[in-house]
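The values are calculated or read from the model by the stated rules, or taken from the named source; none is laboratory data. Given the structure is predicted, the values throughout are model-derived calculations rather than measurements. So basically every Cβ, Gly included, is an ideal-geometry build from the backbone, and we count neighbours across all protein chains shown. These accessible areas exclude ligands, DNA and RNA; they are computed on the full protein's heavy atoms, side chains included. Shrake-Rupley method; radii C 1.70, N 1.55, O 1.52, S 1.80 Å.
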Amino acid sequence: MAVQPNETPSDAQWTAIVDCDASQDGKYYYSVSTTRVFCRPSCKSRAPKREHVRVFNTAAEAAQAGFRPCKRCKPDGLRLPDEEWVDAIAESIRAHYPERITLDALAEQQHVSPYHLQRTFKRVRGQSPADYLLRVRIEAAKTLLRESAAAIAAVGGEVGMPNAAHFATAFQKAAGCTPTQYRLAHRAPNHSKDGDVHE
């Protein structure tokens, strides 16, 4: 009997997913709500939590429900171009830069090895995911320094760099000046030192 789209996995299906049973490939596909990815039953990625899993008859049904094909097991039989894939990773970094982001977490999210993600990202972007994340955080910090009256340490915290000394050092290395020097040089003219707006 065909499974209904978006159905929770049966015990047999769940066992096959956990065991990466290749004999079930093509019979159904499973999606993971937390990563928005869908896979073949044989996918070698770490088993998700059962409550996050839904089963589909076809790859097309999973895609129509808004899930992306897993980069590792390629359930749609197609390979996402590296440039497009790296763009999606960069977009995810930009969307979550204030949070703690690690290479391992990005790789887990994308269902690939950290080595493959690092190598491909660097080849396409010319910098590592960590370097890209730092650049995004520094640009966000520059905006806050120009437009807000928040303390330097608070600015660091808001962009995902809560260690004030580390933030100041990284900012100076990237921008060529300290956060305080940057703020003084680029402060919007309608802001005074204490953050009051003047006409």
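Candidates in the stretch 86-116 are the residues that are polar (S, T, N, Q) and within 30 Å of residue 153 (Cβ to Cβ); of these, the one that is modelled with the highest pLDDT is 102. Among the residues of the stretch 55-94, the ones that are hydrophobic (A, V, I, L, M, F, W, C), assigned to a helix (DSSP H, G or I) and surrounded by 15 or more Cβ atoms within 10 Å (Cβ to Cβ) come to 8 in all.
Residue count for the stretch 35-51 satisfying the condition of being free of Cβ contacts under 8 Å to residues at least 60 places away in the same chain and surrounded by fewer than 18 Cβ atoms within 10 Å (Cβ to Cβ): 7. Scanning the stretch 95-143 for residues being part of a helix (DSSP H, G or I) and either among the hydrophobic types (A, V, I, L, M, F, W, C) or open to solvent by less than 70 Å² (accessible area, probe 1.4 Å) (or both) gives a total of 26. In the stretch 80-102, the count of residues that are aliphatic (A, V, I, L, M) and more than 30 Å from residue 139 (Cα to Cα) is zero.
Applying the set (1) modelled with pLDDT of 95 or more; (2) of a type in the set (D, E, K, R); (3) over 12 Å from residue 97 (Cβ atoms) to residue 147 leaves exactly one unmet item: (1).
Residues that are assigned to a loop (DSSP other than H, G, I, E, B) and more than 24 Å from residue 120 (Cβ to Cβ) were ranked within the stretch 44-54; the one that is modelled with the lowest pLDDT is 47.
Name the single residue, out of those in the stretch 6-34 being buried (at least 17 other Cβ atoms within 10 Å of the Cβ) and touching a residue at least 40 places away in the same chain (Cβ under 8 Å), that is nearest to residue 54 (Cα to Cα). Among them, the one singled out is 9.
If we keep just the residues of the stretch 144-153 that are of a type in the set (A, V, I, L, M, F, W, C) and part of a helix (DSSP H, G or I), which is least open to solvent (accessible area, probe 1.4 Å)? It comes out as 145. Sub-8 Å Cβ pairs linking a first residue in the stretch 159-176 that is farther than 17 Å from residue 132 by Cα and of a type in the set (S, T, N, Q) to a second residue that is surrounded by 16 or more Cβ atoms within 10 Å (Cβ to Cβ) and modelled with pLDDT of 95 or more, at least 6 apart or interchain, are 163/156, ordered by first then second residue.
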